[in-house]
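Some notes on the structure that comes next.
The values are calculated or read from the model by the stated rules, or taken from the named source; none is laboratory data. All of these numbers come straight from a predicted model, not from anything done at the bench. Positions of Cβ are generated from backbone atoms using ideal geometry, with glycine treated the same way; all protein chains shown enter the neighbour counts. The protein model used for the area step is the full one, side chains on, heavy atoms only, and it has no ligands, DNA or RNA in it. Shrake-Rupley method; radii C 1.70, N 1.55, O 1.52, S 1.80 Å.
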Amino acid sequence: MPTDRPLVVVDVGSQQLTGHTYSHRSLFDEPRCRYIGVDVVAGNNVDVVLRKPYGLPFDDDSVDVIVSGQTFEHIPFFWATMMDFARVVRPSGLVILSAPSRGHVHHRPHFDGWRFYSAGFQALGDFVGLECLEATTDYPPSAPETRRWDYSRARSYWGDTIGVFQKSAAYDAAAIAPVRSELLAWANRQAGSPEQLSTRGVTAAPRTLLRRTLRHARRLGRAARARMRSQAV
Ligand SMILES: C[S@@+](CC[C@H](N)C(=O)[O-])C[C@H]1O[C@@H](n2cnc3c(N)ncnc32)[C@H](O)[C@@H]1O
């Protein structure tokens with residue numbers, strides 16, 4: 001990480017909702033960091049409001065750390081968002097995600113459609129070309145009698161998966177760029193505004209997007225299989 005300038009930290013889905021007592025800003029509130037809160041709506045702790053839900057208004061390789069907490073479950077096409085995180089984060093930079101692995105559906109402020117496990121974060125890293133350095137799910141304690149997860153205790157009601165991703169030298173910007181631009185354009189067409197996310201139907205993806213995504217998935221699939229093989233030995 002750089003020592004000659006402040007660390008640029010972008011928090012995606014940064015809004016501090018009513019009743020919440022702190023935001024990620026407090027973690028980076030020091031001269032060594034330049035924290036920028038980004039959200040699709042204006043609100044407390046939001047510095048930049050996105051004009052479209054998919055795609056960040058930052059240059060390629062310009063951000064040291066992207067954090068996003070309790071937001072991916074609210075993004076219908078979160079893999080498109082993550083693909084843009086990979087563009088924006090600088091080489092060796094980090095993306096840190098936290099998102100629920102369990103808990104009730106909460107349409108606050110709108111769409112809530114996903115829960116995440118560590119293997120899902122690994123796969124997400126593979127898809128966007130980021131290395132998943134670590135992914136951990138805080139499962140509830142297991143019940144001694146059955147040795148199954150015990151979801152019945154109150155403090156086990158909510159759980160999260162945390163993922164730390166890095167942009168390595170293997171990131172192939174030129175190969176991913178055409179897929180990303182098609183994917184973001186398609187995702188933005190589905191969701192013109194946050195209010196529409198949960199109410200509008202999804203239209204079929206155009207052929208070029210499907211073809212490019214397929215080619216991209218084949219290429220990254222080879223890398224993912226190689227990683228899984230090396231983890232298995
Ligand atoms: C449950 S809140 C989480 C807020 C905060 N990060 C926290 O942990 O308390 C989810 C936030 O994600 C925002 N959001 C939803 N879709 C988004 C998108 N595509 N890009 C950025 N923010 C988004 C919502 O507007 C909302 O402020």
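Ranked highest first by average number of other Cβ atoms within 10 Å, how do 14-26, 176-188 line up?
176-188, 14-26
Please compute the net charge surrounding residue 143, taking Lys and Arg as +1 and Asp and Glu as -1 over other residues with Cβ under 15 Å from its Cβ.
Cβ neighbours under 15 Å give a net charge of +2.
Summing +1 for each Lys or Arg and -1 for each Asp or Glu, what net charge is found among the other residues whose Cβ lies under 10 Å from the Cβ of residue 212?
Local charge sum for residue 212: +3.
Tell me the carbon and sulfur percent of the accessible area for the stretch 7-232, rounded to whole percent, probe radius 1.4 Å.
Percent of accessible area from carbon and sulfur atoms in the stretch 7-232: 55.
For the chain, what is the mean residue ellipticity at 222 nm derived from helices alone (per DSSP H run of n ≥ 4: -39500 (n - 2.57); sum divided by total residues; nearest 500 deg cm²/dmol)?
-9500 deg cm²/dmol
Per residue, what accessible area does the chain have, given a 1.4 Å probe and all protein chains present, in Å²?
55 Å²
Suppose we look only past 30 Å in the calculated P(r) of the stretch 7-232. What percent of the Cα-Cα pairs does that tail hold?
Of all Cα-Cα pairs in the stretch 7-232, 25 percent lie more than 30 Å apart.
Please list, by residue number, every one of the GluC sites (Glu not before Pro) in the stretch 42-148 that is coil in DSSP and has at most 12 other beta-carbon atoms within 10 Å.
145
Among the complete DSSP H segments of the chain, which ones combine at least 24 Å of alpha-carbon extent along their axis with a mean Kyte-Doolittle hydropathy of -0.5 or more?
173-190
Work through the residues other than residue 225 whose Cβ is under 12 Å from its Cβ and net out their charges, Lys, Arg +1 and Asp, Glu -1.
Around residue 225, the surrounding residues sum to +4.
Rounded to the nearest 5, what is the percent of antiparallel bridges among the DSSP beta bridges in the stretch 7-232?
Counting only bridges with both partners in the stretch 7-232, antiparallel ones make up about 45 percent.
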